[in-house]
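The values are calculated or read from the model by the stated rules, or taken from the named source; none is laboratory data. The shown structure was predicted, so the numbers you read here are calculated from the model rather than taken from an experiment. Because the Cβ atoms are built from the backbone with ideal geometry, glycine has one as well, and the counts that use them run over all protein chains shown.
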Amino acid sequence: MADRGKAARSGDLTESGRVTVRKRHGRRIILSELALTVTFTLCVALGLLERDDLASAEAFLAGWALNVLVLVLCCVVPWFRIPNRWVILVPLADFVAVGLARAAAGESLSGVGLLAAFPVVWIAASRVRTVTAASVTVVASLAIVWLPLLLQPAPVALDSFIQPILLPIMLTGLALFVSALTKDNRRRQEALRASQAALRESVEAGRRRERLLGTVLDTVSVGLLAVDAHGNDILMNARQREAHSGAAPDGNDDPNEAELLIFGPDRVTPLPPEDRPVARAIRGEDLESEQVWVGPPRSQRALSIFSHSMYDDDGGFAGTVVSFNDVTELVLALQAKDDFLSNVSHEFRTPLTSILGYLELSLELGESLPEDVTGYIEVARRNAVRLEQLVEDLLAINAGTFEVHPVTTDIGRTLAEAASSAYVRASRAGLHLVNHAPSSLKAVVDPIRLAQAVDNLLTNAIKYNRRGGSITLDASLDDDGVRVEVADTGIGIEAAELHQVFDRFFRSPSVRTSAVPGVGLGLLITKSIVSEHGGSITVTSEPGQGTCFTMLLPQPGQGTAGSPG
């Protein structure tokens with residue numbers, strides 16, 4: 001209904017505009033006829049002063065009266081309701097009026113015949129074709145000069161018809177001249193109007209696009225800023241204006257970039273103006289996930305900033321577009337998670353220390369205990385030690401103090417022990433575990449950490465496999481370092497999730513909905529172990545086919561094998 005109402009209003013405005021144009025057209029008709037009537041009246045007055053007999057000439061006064069009547073009709077007729085084609089009747093009536101006056105005046109008042117120039121110009125300047133205007137002029141002007149001759153009772157000689165022919169020739173020439181001139185002018189005006197209409201349409205289309213762009217930019221939840229090559233703002237959406245105001249110092253309602261409260265990751269150290277993201281982006285640097293804190297200390301917000309440079313057709317720097325994503329809640333949630341993990345790990349350490357102490361005390365008294373009970377206590381102590389190591393690793397990862405101590409080690413034996421420990425679990429799960437690693441392979445690694453990393457990979461291979469599947473452990477030493485591979489024929493990992501497998505607490509959606517236990521820390525710890533060795537770990541997987549993890553640990557003198565992960 002709103003659209004129909006808008007259309008109706010638009011139609012009303014268009015109709016109103018048309019009426020206004022027609023009224024203006026009516027005023028032009030009246031003014032044109034008034035010019036002829038004034039001139040006609042002056043001619044009549046001069047004729048009466050010159051010839052007394054014209055006062056009794058009915059045709060002379062009838063012509064003038066007809067012209068006055070036409071003027072009165074022009075004033076009272078509602079031209080905005082009458083089609084344009086009927087307007088031509090006015091100059092035709094003027095021809096009759098002029099003809100009557102000239103017939104009565106004769107050759108003594110030759111100027112009366114020249115009044116026909118008014119209707120000639122009127123017709124020639126109208127929208128009729130040039131041929132039509134010339135034809136009407138010829139017929140009307142000949143009628144003016146010849147009809148009086150034909151109406152005379154006495155015979156008329158041929159010379160009498162030829163002598164007044166100058167007036168029709170002059171009027172016809174005038175009609176051709178005016179028609180050609182007005183047609184050319186009209187074409188120019190129509191072309192100008194078409195050009196103006198196209199320009200108005202283009203401007204309106206540009207305004208519509210600008211409104212649409214502004215609405216879209218103000219709708220997105222990301223702050224956007226576009227600046228030119230000199231650092232002048234080109235565009236800033238509502239979200240960014242809000243963030244800009246929130247980063248302003250107290251008492252400064254319109255700060256520039258250098259005056260904004262922008263801090264580094266510690267939320268305390270102000271960033272120098274030249275190191276601020278927008279300043280770097282203006283220098284042509286493309287930013288990706290640049291994190292800063294903005295605003296006063298009690299209301300700081302964390303922003304993740306991206307930028308992309310713009311270039312002109314010649315390849316010159318033309319400015320940059322910067323996006324500001326508010327990640328405060330995410331950063332605070334991650335900090336809360338780290339704090340929780342650290343606190344829980346600290347809380348675990350005390351009871352674990354007590355449990356291990358009593359288990360070791362029980363083993364020291366093992367001679368007085370049955371042999372099977374001693375075995376049970378040993379299993380409990382071994383798992384408690386493993387749990388204590390996990391707690392220590394979590395604390396070290398959070399604190400950034402995860403360390404390894406490489407020594408010359410027979411990794412063949414280390415891998416064999418890891419495979420032997422996992423063999424029982426694999427057999428219970430209906431899996432076939434094969435160790436293709438050499439029985440003896442010397443390398444410089446941390447044996448405890450390497451065993452921990454391999455055990456994590458084997459544990460995952462068992463958990464995420466299917467009954468009847470297989471697991472393969474292999475190792476080799478080449479020019480790049482020690483290469484350890486753990487491959488399985490399990491459920492695999494989706495391609496979209498491969499880049500997240502080493503993230504803290506990451507577990508794929510399919511695994512979270514299954515009964516497979518885990519917290520998503522094993523691969524993170526494994527990656528940390530490999531990274532501390534200066535090595536890299538990669539993963540390849542095919543959903544439904546299996547997964548292969550490869551650890552590459554460089555040896556002394558070989559340098560870093562690759563970037564971690």
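Ala437 - would you say it is buried (at least 18 other Cβ atoms within 10 Å of the Cβ) and free of Cβ contacts under 8 Å to residues at least 40 places away in the same chain? Write out each step before concluding.
Values: buried (at least 18 other Cβ atoms within 10 Å of the Cβ): yes; free of Cβ contacts under 8 Å to residues at least 40 places away in the same chain: no.
In short, no.
Do any residues in region 35-52 that are free of Cβ contacts under 8 Å to residues at least 12 places away in the same chain have Cβ atoms under 7 Å from those of residues that are part of a helix (DSSP H, G or I) and surrounded by 13 or more Cβ atoms within 10 Å (Cβ to Cβ), where the two are at least six apart or on different chains, and which pairs are they?
From region 35-52, the pairs are Leu48/Leu54.
Tell me whether region 376-383 contains one or more residues that are more than 30 Å from Glu285 (Cα to Cα) and either among the small types (Gly, Ala, Ser) or touching a Phe, Trp or Tyr at 6+ places or on another chain (Cβ under 6 Å) (or both).
First, pick out the residues of region 376-383 that are more than 30 Å from Glu285 (Cα to Cα): 376-383.
Now restrict to residues that are either among the small types (Gly, Ala, Ser) or touching a Phe, Trp or Tyr at 6+ places or on another chain (Cβ under 6 Å) (or both): 380.
Yes: region 376-383 contains one or more residues that are more than 30 Å from Glu285 (Cα to Cα) and either among the small types (Gly, Ala, Ser) or touching a Phe, Trp or Tyr at 6+ places or on another chain (Cβ under 6 Å) (or both).
Collect the residues in region 404-434 that are loosely packed, with under 15 Cβ neighbours inside 10 Å, of a type in the set (Ser, Thr, Tyr) and closer than 16 Å to Val482 by Cα, keeping them in residue-number order.
Within region 404-434, just Thr408 meets the criteria.
Within region 311-324, can one find any residue that is without any contact (Cβ under 8 Å) to a residue 60 or more places away in the chain and either surrounded by 12 or more Cβ atoms within 10 Å (Cβ to Cβ) or under 20 Å from the mean Cα position of the chain (by Cα) (or both)?
yes
May I ask you to list the residues in region 244-270 that are surrounded by fewer than 18 Cβ atoms within 10 Å (Cβ to Cβ), modelled with pLDDT of 85 or more and among the aliphatic types (A, V, I, L, M)?
Residue satisfying the conditions is Val268 alone.
Restricting to strands (runs of 3 or more DSSP E) lying wholly in region 344-447: which have 2 or more residues that are more than 27 Å from Arg466 (Cα to Cα)?
407-410, 442-445
Just to check your reading of the model, which residue among Asp250, Asp184 is outside any helix (DSSP H, G or I) and more than 24 Å from the chain's Cα centre (by Cα)? So that I can check it myself, show each step before the final result.
Details: Asp184 fails: outside any helix (DSSP H, G or I).
Among Asp250, Asp184, only Asp250 is outside any helix (DSSP H, G or I) and more than 24 Å from the chain's Cα centre (by Cα).
So, in region 72-85, exactly how many residues are modelled with pLDDT of 80 or more, surrounded by fewer than 18 Cβ atoms within 10 Å (Cβ to Cβ) and not in a loop (DSSP other than H, G, I, E, B)?
Adding up the residues that qualify gives 4.
Can you name the residue in region 35-71 that is of a type in the set (Ser, Thr, Tyr) and modelled with pLDDT of 80 or more and is also farthest from the chain's Cα centre (by Cα) among such residues?
Among residues in region 35-71 that are of a type in the set (Ser, Thr, Tyr) and modelled with pLDDT of 80 or more, the one farthest from the chain's Cα centre (by Cα) is Thr41.
Just checking, how many residues over region 455-473 are crowded, with 22+ Cβ neighbours inside 10 Å and in a strand (DSSP E or B)?
Summing the residues that are crowded, with 22+ Cβ neighbours inside 10 Å and in a strand (DSSP E or B) in region 455-473 gives 2.
This table checks each residue for (1) assigned to a helix (DSSP H, G or I); (2) at pLDDT below 85; (3) among the charged types (D, E, K, R).
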residue	(1), (2), (3)
Leu192	yes, yes, no
Leu199	yes, no, no
Val203	yes, no, no
Arg207	yes, no, yes
Glu210	yes, yes, yes
Ser221	no, yes, no
Ala226	no, no, no
His230	no, yes, no
Gln240	yes, yes, no
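Residue check, Ser362 against (1) surrounded by 15 or more Cβ atoms within 10 Å (Cβ to Cβ); (2) modelled with pLDDT of 75 or more; (3) under 52 Å from the mean Cα position of the chain (by Cα), all met but one. Which one?
Ser362 satisfies all of (1) surrounded by 15 or more Cβ atoms within 10 Å (Cβ to Cβ); (2) modelled with pLDDT of 75 or more; (3) under 52 Å from the mean Cα position of the chain (by Cα) except (3).
On the basis of being under 55 Å from the mean Cα position of the chain (by Cα), at negative phi and not in a helix (DSSP H, G or I), does Leu450 make the cut?
Taking the combined requirement at face value, the residue does not satisfy it.
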